[in-house]
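Before any comments, here is the structure.
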Amino acid sequence: MYRVALPVLALLVAGACSERNPISPVAGAALATVVAEEAARSGYLHAVKNCDNYHGLPGESCTLTSTSLKQLPAGSIVSYASGPVGTSLDTDIIIYPPGPGNSVAFGHVILNLITRTGVATINGGTGQFKHFSATVTIAKLTTINGHDWSWDGPYSFNDRGDEDLP
């Protein structure tokens with residue numbers, strides 16, 4: 001029995017140290033790198049936008065004054081395709097980061113003008129926003145000027161592309 005058990009035990013120990021075994025130190029480090037890279041590509045967005053120059057007309061815009069996401073820095077312009085109807089705003093948006101380049105993000109806003117709350121969804125765009133998505137809650141902030149709104153919610157960049165789909 002010991003003649004069979006010792007070689008089997010040696011194979012089990014060797015297999016546990018294999019790079020293909022997710023328990024091995026090498027595979028564990030590779031897995032940690034993948035997890036860290038994915039974590040860096042997603043997170044929680046907090047932004048404040050000022051709408052001093054928005055009066056409800058199509059094509060008007062607001063400006064992000066602070067954000068937690070470097071790809072959407074302060075100074076980014078949020079342009080609204082249409083104005084409110086009745087007590088709600090239901091419109092497509094385009095977000096233009098400041099500076100040179102061709103990166104814009106596309107989204108949609110649904111806002112209740114009575115409760116002053118809503119949701120913005122951002123799904124894709126051009127350049128760095130090609131695989132960007134976010135769903136943020138919108139809330140009116142109590143500020144001195146009265147034209148500031150918060151955006152809070154999760155975001156992610158998935159640059160794996162459509163080729164990964166079945």
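In this simple spin-label model, placing a label point 7 Å from the Cα along the Cα-to-Cβ direction at both LEU57 and SER156 gives a separation of 4.1 nm.
Sequence-distant contacts, meaning Cα pairs under 8 Å at least 6 residues apart, place the relative contact order of segment 42-166 at 22 percent.
Counting other Cβ atoms within 10 Å of each Cβ, which trypsin sites (Lys or Arg not before Pro) in segment 95-149 have at most 13 and sit in a DSSP loop? Don't skip to the answer; put the middle values down first.
Numbers: sites: ARG116, LYS130, LYS140; in loops: ARG116, LYS130.
Answer by residue number: ARG116.
No value in this document is a laboratory result; all are computed from the given coordinates. These figures come from a predicted structure and were not determined experimentally. Heads up, the Cβs are rebuilt from the backbone with ideal geometry, glycines too, and the neighbour counts pull from every protein chain shown.
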